[in-house]
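Working notes, beginning with the structure itself.
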Amino acid sequence: MAIEECQTYLANNGVSTQIVDNLVLTPITPTPNLDPDCQIFIGYNGYFDGSVMHATPVLPPDVIVPLKIWQRQTGSAQQFSPMNPAKDGLRSAQPGSVFGEWEWRQGAIYMVGCTTTQDIRIRYEQSILDLTTNAGFSQQTIMIPRSRRALGFLVAKYYALARGSPQVPAVQAMAEDAMNQIINREIRADQRNPIRPRGYRSGGRVDGAMGGSSFR
C-alpha cells in the first residue's frame, strides 16, 4: 500500500521514474471482421481480432496506462508512425491498411481493425509489481530512486492508522514532504535543459541607424 501510494503521488505530480518506452507488440494479425462496428483490442489476456481471442500479443501486467503509440507494417523495417488517441470514442469505419487511432479503456488498447499485419510500439506508465507475502523485504529492490524516507513514513502511517493513532496526520505530512523532495529533484533536472527564447529583433530591423521599420 505504501509503494502504491508513493508511486501514484509521484506520477500525479509529473515524475517520470516509471516510464517505459519502446515496447513493441507483434504480430497484430488482420481482422477477419470487415463490419464497421468491429473493434479489436489488446489487453492483459491477449488479442481480440474482432472475431477470435488470441493468447498473443498481450499487454505486460505492469502497464498502468499507455501514453503514446506508434504503428508500422510487420516485417517492413520502416520507421514507426505515430497514432492519434481517439477523442470521444473510436470512429465507425471499415478496417483499412492501418489502425489510425487508439483508445484506452477497460484495461485494453482498442482500435479499428486492420487488413494488414501490424506492429505497435508503446510508451507507457509502469506499475511496480506487488511484493509477495513471503518476500524478504531487505532483499527487495523498489524502483523509485531515493524513496526510502517516503516509504518509511507511509508504512508508519498505515501502521498507525490500523491502531487508531492520533499521529496519522503528522506522519502523512512527513511522507508528503519526503515525496515532494523527490518531485523537486525531477523539476531541477528538467530545468537543466536550456530553452532560449527568440530574440526581440529576430526577423526584422528597428528604425534609426539600420533604417528599417519600427516595432512597437
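At a glance:
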read-out	value
Qualifying residue in region 141-150 (condition: farther than 30 Å from Ser97 by Cα, loosely packed, with under 10 Cβ neighbours inside 10 Å, at pLDDT below 80 and out of contact with any helix residue (DSSP H, G or I) (no Cβ under 8 Å at 6 or more places or on another chain))	yes
Criterion violated by Cys38 - all others in (1) crowded, with 17+ Cβ neighbours inside 10 Å; (2) touching a Gly at 6+ places or on another chain (Cβ under 7 Å); (3) modelled with pLDDT of 95 or more satisfied	(3)
Cβ pairs under 6 Å, 6+ apart, first in region 152-176 and under 13 Å from Glu5 (Cβ atoms), second among the aliphatic types (A, V, I, L, M) and part of a loop (DSSP other than H, G, I, E, B)	Tyr158/Met1
Filter result (at pLDDT below 90 and out of contact with any strand residue (DSSP E or B) (no Cβ under 7 Å at 6 or more places or on another chain)) within region 97-126	none
For Leu154: the one exception among (1) within 27 Å of the chain's Cα centre (by Cα); (2) closer than 30 Å to Pro32 by Cβ	(2)
Filtered residues of region 60-81 (kept if over 13 Å from Gln118 (Cα atoms) and in contact with a strand residue (DSSP E or B) (Cβ under 6 Å, 6 or more places away or on another chain))	Asp62, Val63, Ile64, Val65, Pro66, Leu67, Lys68
Filter pass, Gln106 being in contact (Cβ under 8 Å) with a residue 60 or more places away in the chain, of a type in the set (S, T, N, Q) and loosely packed, with under 14 Cβ neighbours inside 10 Å	yes
Some residue of region 42-63 being at pLDDT below 95 and in a strand (DSSP E or B)	yes
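The values are calculated or read from the model by the stated rules, or taken from the named source; none is laboratory data. Just so we're clear, the structure is a prediction, and the values are computed from it rather than from any experiment. Don't worry about glycine lacking a Cβ; one is built from the backbone with ideal geometry, like all the others, and counts go over all protein chains shown.
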